[in-house]
Amino acid sequence: HIESSPAVWKDLVVVGAGAIEDANHKPTGDPGFVLGVQISTGKTLWKHAVNDPESSPAIHPDDGTVYIGAGFNGNAVVALRPEADEDLKGAKRELWRTAAPYPVTGPVTLAGDLVLVGGGTSDFVNVSPTPAGVVMALDRKTGAVRWQTKTPDSVLGRIVTHDNVAYCPVLSGRVLALDLATGKELWNKQVAGTSLLKAGLALSAPSSSPPPPTPSSPPPLTPTLFAVTADGYLILLNPADGAVIEKHALSPPGKASKKGLNLSTPTVRGADVYVGSETGGLRHFRAVSAK
């Protein structure tokens, strides 16, 4: 089954197909594979065996290298060549494979020469009785571990970066800010109350080269982190210290989330924020600068 989002590079789309597992997380059939498909034709270009690759892959825009996590029974991060089987000319598809202390099911984030991943003992459905997690930064070319930072539970959602800081959502409801160079914790805040944090983070940040202001230009937006709680709230955080700025319900009156399945990572485009919800459909918010 496919739980990961696809990644696209030129005429190639890549996705991970994870294992169907029993109650003990053991595969009941095929343990999993990564699939590369030609977009223009739908032709399968390659399949590569990886245990439970439910992590959403990332593809480097320069060389097309594919990075994906191996989940339960895999506990690794894998780098793969993008070429079709007939174009490998004897080269191995797998460039490197780095072991992780826990299943890596969170989406892959590329930041400069680093590959950032999150993992842990819990998944979207089952919270582990012994929760533990990790954020890892790997060298993009070699897979060597640059640093790894323990977290109180799994990191299942997207990690975002800005100004040499990595922001990480932890299932237990916390958001961590880590120094991108060292993995050192900069701040650690419980933002979801008693709810879980299953969705990834999004960040609105001023452009590094904003257009020249005009008399009618709106004031610049303050950098803001967006998180979604599993019970259905959009939380706005100050990325400098994790302080909660605002909180907005995603469920309409009388239709509160009952299953804790608000899993949608917000999408930010300029001042517009889009987020899906369990009971409230697709929501559109407009970011407004404080006066």
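Working from the Cα coordinates of the chain, the gyration tensor eigenvalues give, after taking √(5λ), semi-axes of 31, 23, 19 Å in decreasing order.
For segment 175-197 versus segment 53-99, the inter-centroid distance based on Cα atoms is 28 Å. Solvent-accessible surface of protein heavy atoms, probed at 1.4 angstrom with all chains present, puts ILE2, ILE235, ILE39, ILE59 in the order ILE2, ILE39, ILE59, ILE235, largest first.
Partners of LYS259 within straight-line reach, counting aspartates and glutamates whose Cα lies under 14 Å from its Cα and excluding those fewer than 8 residues away in the same chain: ASP231, GLU278. Ordered from largest to smallest accessible area (heavy atoms of protein chains, 1.4 Å probe), the residues PHE33, PHE72, PHE124 come out as PHE124, PHE33, PHE72. About its Cα centre, the chain has a charge dipole of approximately 500 debye under the convention of +1 per Lys or Arg Cβ and -1 per Asp or Glu Cβ, with nothing else charged. For the residue pairs LYS47/LYS89; LYS198/LYS258; LYS26/LYS150; LYS26/LYS141; LYS150/LYS247; LYS198/LYS247, the C-alpha atoms sit more than 20 angstrom apart in LYS26/LYS150; LYS26/LYS141; LYS150/LYS247.
Order THR130, THR229, most accessible first, counting only protein heavy atoms with a 1.4 angstrom probe.
My answer, sorted largest first, is THR130, THR229.
For the chain, what is the accessible area per residue in Å² when the probe is 1.4 Å?
Numbers: 14040 Å² over 291 residues.
Heavy-atom SASA per residue in the chain reads 48 Å².
Quick one: length gained pulling ALA84 to ASP62 fully straight, 0.36 nm per residue minus the C-alpha distance?
On the way: separation 22, 0.36 × 22 = 7.92 nm, distance 1.70 nm.
Stretched out fully, the ALA84 to ASP62 stretch lengthens by 6.2 nm.
Other residues lying with their Cβ under 13 Å from the Cβ of VAL165 contribute a combined charge of -3, Lys and Arg counting +1, Asp and Glu -1.
If you run the Gaussian network model on the chain, springs between alpha carbon atoms under 10 Å, then out of GLY157, GLY42, GLY260 the most flexible one is GLY42. Normalising the average separation of contacting C-alpha pairs (under 8 angstrom, six or more residues apart) by the number of residues puts the relative contact order of the chain at 9 percent.
The values are calculated or read from the model by the stated rules, or taken from the named source; none is laboratory data. Everything numeric in this text was worked out from a predicted model, so none of it was measured. Every residue, glycine as well, gets a Cβ built from its backbone with ideal geometry; the counts of neighbours run over all protein chains shown. For the accessible areas, the whole protein counts, side chains as well, though only heavy atoms, and no ligand, DNA or RNA atoms are used. Shrake-Rupley method; radii C 1.70, N 1.55, O 1.52, S 1.80 Å.
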